[in-house]
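S.K.: A single structure is presented below for examination.
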Amino acid sequence: MVQYFRYHQLKKGEHHHAGEDEMLSLMSATSSGYFRRSRPKLFSLLILSLLSCCLILGAHLFCSPSAFSLLYSFGVDSDGVAANVNAKVSLCSSISNGTICCDRSSIRSDVCVMKGDVRTNSASSSIFLYTSKSTDAVIKNVSSSVDKDEELQHEKVKPYTRKWETSVMDTIDELDLIVKTENFRNNHHCDVKHDVPAVFFSTGGYTGNVYHEFNDGLLPLYITSQHFNKKVVFVTLEYHDWWIMKYGDILSHLSDYPAIDFSGDKRTHCFPEAIVGLRIHDELTVDPSLMQGNKSIVDFRNVLDRAYLPRVQSLLKEEEQLAQEKLKQKVHSSSSEIRKEVQDATLKRPKLVILSRNGSRAITNEDLLVKMAEEIGFRVEVVRPERTTELARIYGALNSSEVMIGVHGAAMTHFLFMRPGSVFIQVIPLGTEWAADAYYGEPARKLGLKYVGYQILPRESSLYDKYDRNDPVLRDPESVSEKGWQYTKSIYLDNQNVRLNLGRFQKRLLRAYSYTIAKMNRRSHL
């Protein structure tokens, strides 16, 4: 679906350029004196006709009920003339007080901007925008039948970034965005008045899966709010205490204010501006061409650095103290054991982290992989992320590593914790080739990692012992995927483990080791 959307946008772009060529031809004809050869009277009549048309069309445009929808129809097309003026100025980036502007052009999410007297009403799942007589003058001209005591505009939004996926969007709470006139203020008041904008979004849907927590939530939140420089309040639908605690360190570097539970907080919160919904660019990435200041995925990673490094440093101090205590206890240990520990500390062997999986897609000969990596020269750490694992600990392990190895799955999202220039080796089980590259391989390259995709052979899959050698499950996974997601998931994601061909995999590790040593040597020279 995403590929079709991109292709469709590309074709639209081609039509646009064709239109530009026609315009250039017309301009060329004009400059060459084509019209100057016409008679003066005919030219004057032409000018008068054009002026008359402009006056008629202008009156129709700004006085008809369809005026605003017509204006917005010109702005929605992302490949149109407006988009070429400035790629970083998106629809609804500048609106007047007392209005709502909704950008529904993206296949991934709807985003509405409200500016003026914005007030929440959680009881009715509504956000009201009150407008005075002066600010709604244009709106009243749209239709003389509109009563000032009635709604002037009503939009509905589900603020989650998987708009195309009906099954999950059906579970997301919907918000009513309503413009009302000044008289309605008599029935409403501000319990909490904020002098900074708000961003409304949902932590429902697939929240609970680390890939979706970053891809559908945190990265879009960064994209949507970073230009506020932390002077913004996050208002959360389907609020989860555990989510706030888990990502509190990141949130504190995106906003100076505590997040608000939209449904749980019954007070009326008032804002000068609100963005409802989150903007999203692509899988686990930030598109600099769409960001103010050309911000990229590296800038988001810098936010992670600032969020987690203080805690990582305190954890390192704790580990050093424990190591010193263990060393004191080993005073009577053999000299060879102590000598080995000293060598490991002084040689600064490159660190390799294996993100270990339990259950499906586990590496069944992981212990032999660890032994082989150590023999090559790596200092190996095995990390097993759990739901309760403190993210700072995972960040500390990967931020200090030179190489990461993991089997395709949500945990690969942690490549975001690696420093640009590090090596990311993703083991790709049967039937996951496209997803592995689209969701993690390409985003990793955009972060500046040295990405290596290790696609296993049928013999390295546990499915090799379950199916006939000529079965499409082993021979042609693409044909199997055509039978549907759930069918594919039940075979390749839920019931497949990996037993690495260590001789084949060793080649990748040796190259990674050589690259890492060369990089460390360059660093030491500098």
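S.K.: Identify, by number, the condition in (1) within 14 Å of Gln496 (Cβ to Cβ); (2) of a type outside the set (Phe, Trp, Tyr); (3) touching a strand residue (DSSP E or B) at 6+ places or on another chain (Cβ under 7 Å); (4) surrounded by fewer than 19 Cβ atoms within 10 Å (Cβ to Cβ) that Glu460 doesn't meet.
M.R.: The number of the failed condition is (4).
For (1) surrounded by 12 or more Cβ atoms within 10 Å (Cβ to Cβ); (2) at negative phi; (3) of a type in the set (Lys, Arg); (4) at pLDDT 90 or above, each residue gets a yes or a no:
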{"residue": "Arg279", "(1), (2), (3), (4)": "yes, yes, yes, yes"}
{"residue": "Glu283", "(1), (2), (3), (4)": "yes, yes, no, yes"}
{"residue": "Ala307", "(1), (2), (3), (4)": "yes, yes, no, yes"}
{"residue": "Lys328", "(1), (2), (3), (4)": "no, yes, yes, no"}
{"residue": "His332", "(1), (2), (3), (4)": "no, yes, no, no"}
{"residue": "Val353", "(1), (2), (3), (4)": "yes, yes, no, yes"}
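Here's the yes/no breakdown for (1) touching a residue at least 60 places away in the same chain (Cβ under 8 Å); (2) open to solvent by 40 Å² or more (accessible area, probe 1.4 Å); (3) out of contact with any helix residue (DSSP H, G or I) (no Cβ under 7 Å at 6 or more places or on another chain):
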site: Thr224; (1), (2), (3): yes, no, yes
site: Lys231; (1), (2), (3): no, yes, yes
site: Lys246; (1), (2), (3): yes, yes, no
site: Ile250; (1), (2), (3): no, no, no
site: Asp261; (1), (2), (3): no, yes, yes
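S.K.: With the requirement that a residue be closer than 23 Å to Val233 by Cβ, within 20 Å of the chain's Cα centre (by Cα) and not in a strand (DSSP E or B), what does the range 257-301 give you?
M.R.: Ala259, Gly277, Leu278, Arg279, Ile280, Val286, Met291, Gln292, Gly293, Lys295, Asp299, Phe300
S.K.: Please go through (1) more than 18 Å from Thr203 (Cα to Cα); (2) in contact with an Asp or Glu (Cβ under 9 Å, 6 or more places away or on another chain); (3) aromatic (Phe, Trp, Tyr) for Phe228 and return the number of the only condition it doesn't satisfy.
M.R.: Of the numbered conditions (1) more than 18 Å from Thr203 (Cα to Cα); (2) in contact with an Asp or Glu (Cβ under 9 Å, 6 or more places away or on another chain); (3) aromatic (Phe, Trp, Tyr), the odd one out for Phe228 is (2).
S.K.: Residue check, Phe378 against (1) at pLDDT below 95; (2) touching a Leu at 6+ places or on another chain (Cβ under 8 Å), all met but one. Which one?
M.R.: Only one criterion in (1) at pLDDT below 95; (2) touching a Leu at 6+ places or on another chain (Cβ under 8 Å) is unmet by Phe378, namely (1).
S.K.: Looking only at the range 414-468, which residues are part of a loop (DSSP other than H, G, I, E, B), closer than 21 Å to Ile394 by Cα and in contact (Cβ under 8 Å) with a residue 24 or more places away in the chain?
M.R.: Met418, Pro420, Gly421, Ser422, Gly448, Leu449
S.K.: How many residues does the range 83-115 hold that are modelled with pLDDT of 95 or more and either among the basic types (Lys, Arg) or under 22 Å from Phe128 (Cβ atoms) (or both)?
M.R.: Matching residues across the range 83-115 total 12.
The values are calculated or read from the model by the stated rules, or taken from the named source; none is laboratory data. Given the structure is predicted, the values throughout are model-derived calculations rather than measurements. Positions of Cβ are backbone-derived with ideal geometry, glycine not excepted, and every protein chain shown enters the neighbour counts. Keep in mind that these areas ignore ligands, DNA and RNA; they rest on the heavy atoms of the full protein, side chains included. Shrake-Rupley method; radii C 1.70, N 1.55, O 1.52, S 1.80 Å.
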